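See below for the structure under consideration.
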Amino acid sequence: MESNDYPVRSFDEVEELANGLIRDYCGHTQLDTLTPPIPVEDIAEHFLGYAIDVTNEGLFSDPEFLGGIDFQTKRIYVNASIVEHDGRYSFTVAHEIGHHILHRDHYLKLSTELEQEILCREESDKPQIELEADRFAAALLMPHDLILDTFHKLYLSKKVRSVGQARGVAANMIKTGSFSNVSNTSMLNRLIDLKLLPSTIRYQDGISRPFARRPRPLVVLKKKLASLFHRG
């Protein structure tokens, strides 16, 4: 199943779907508002009904595969190599939640019971639906309104002109806004996407470079789950 089998979601649509999930979760938990750090584990497990499986077995013995989601069995897989890195772990869980919200219904229409597949997230693989899931994860962990409120509290008076300055702003945002389960790079990218920092400081590693790369085909594993995980 290729990534172009899925309808393309706009940035604004992804943002609204993430905000909608937050509203639904607040209603479910009887909270008036949701404040950082956003509890993505609780959203996945107790609201959406997924089990989270931290593993280094089978496919996930390769650290390039950060996570995966199985819609049929309602399991989210997270590579054990990132479990001690709170920002990467939370972003991966949020990314898989993004696949549930954005792609699950369309995926189930296209798949068959004979092909029990999981969508897997590679560290370097960014086809369209992976970009969308990344955007969703950022919007879920760092909601637009909370980011704006925190940014304005910092009263930034000078322009940010370097990666070092931008990373300093991201660190202050994390501390001031209590975004404790968000990495510096994720916050940096979020501020860029919301046009609060200049777009010349770009994605993933914070190095200034144009963000343009032809995506590879979506990694979809056409194997029975029993053959992926060797458990005695």
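Some observations on this one:
- Listed by position, the strands (runs of 3 or more DSSP E) contained in the range 26-100 that have at least 1 residues being open to solvent by less than 60 Å² (accessible area, probe 1.4 Å) and modelled with pLDDT of 95 or more are 51-55, 75-79.
- Looking only at the range 19-47, residues that are under 18 Å from Tyr89 (Cα atoms) and under 17 Å from the mean Cα position of the chain (by Cα) come to 10 in all.
- Within the range 75-89, being hydroxyl-bearing (Ser, Thr, Tyr) and farther than 16 Å from Pro63 by Cα holds for no residue.
- Residue in the range 18-25 that is charged (D, E, K, R) and assigned to a helix (DSSP H, G or I) present: yes
- Matching residues in the range 55-90 - criterion: being without any contact (Cβ under 8 Å) to a residue 60 or more places away in the chain, of a type in the set (Asp, Glu) and farther than 23 Å from Asn184 by Cβ: Asp62
The values are calculated or read from the model by the stated rules, or taken from the named source; none is laboratory data. Please read these numbers as outputs of a predicted model, since none were measured by experiment. FYI the Cβ positions are ideal-geometry reconstructions off the backbone, even for glycines, and counts take in every protein chain you see. What goes into the accessible areas is simple: the full protein's heavy atoms, side chains included, and nothing from ligands, DNA or RNA. Shrake-Rupley method; radii C 1.70, N 1.55, O 1.52, S 1.80 Å.
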